[in-house]
Amino acid sequence: MPELLRPLIEAFVLRPVTAPLSFVTICALIFLMLRSMWVSTHIGMKNVKRLHQIPCPNCRFFTDDFRLKCTIHPTYALTEEAINCYDFCAKNTTARNRKLNFPVYQRAESS
């Protein structure tokens, strides 16, 4: 008797329950996967923006040599610690401007 009812139970009880349940499960997994990709992309973009603030390649003391990257602070050259480097000196500034650590503007002559 149970063998005769088995196809009826599968057709009228299990399939109507498992089909929507499978659909909801698949949709939830796709949503979680897309959300995970979005979050990891967002975190990656924040890291890239922070790393682009490192001023070392534009500094006068940066040597562009893997053995000695910076002549003043070789331990933290090209790292996040170098973002607020107090010895940063742009490559195109003069020695007088470097002492002041900011560009000097010419005063307009008064007449």
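The values are calculated or read from the model by the stated rules, or taken from the named source; none is laboratory data. Because the structure is predicted, anything quoted here is derived from the model rather than measured. As a convention, Cβ positions derive from the backbone with ideal geometry for all residues, glycine included, and neighbour counts pool all protein chains shown.
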Next item on the list: Would you confirm whether any residue within the stretch 40-60 is more than 24 Å from the chain's Cα centre (by Cα) and either surrounded by 12 or more Cβ atoms within 10 Å (Cβ to Cβ) or at pLDDT 90 or above (or both)?
Entry: yes
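Just a yes or no: is a residue in the stretch 32-53 out of contact with any Lys or Arg (no Cβ under 9 Å at 6 or more places or on another chain) and outside any helix (DSSP H, G or I)? Full working, then the answer.
Here is the first cut: in the stretch 32-53, the residues out of contact with any Lys or Arg (no Cβ under 9 Å at 6 or more places or on another chain) are 32-53.
Cutting the leftovers down to outside any helix (DSSP H, G or I) gives us 52-53.
For the stretch 32-53, residues out of contact with any Lys or Arg (no Cβ under 9 Å at 6 or more places or on another chain) and outside any helix (DSSP H, G or I): present.
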Check: How do the pairs read when you match residues in the stretch 67-89 that are free of Cβ contacts under 8 Å to residues at least 24 places away in the same chain and surrounded by fewer than 18 Cβ atoms within 10 Å (Cβ to Cβ) with residues anywhere that are not in a loop (DSSP other than H, G, I, E, B) and not basic (Lys, Arg), using Cβ under 9 Å and keeping only pairs 6 or more apart or on different chains?
Finding: Thr71/Phe62; Ile72/Cys59; Thr75/Glu81; Tyr76/Cys70; Tyr76/Ala82
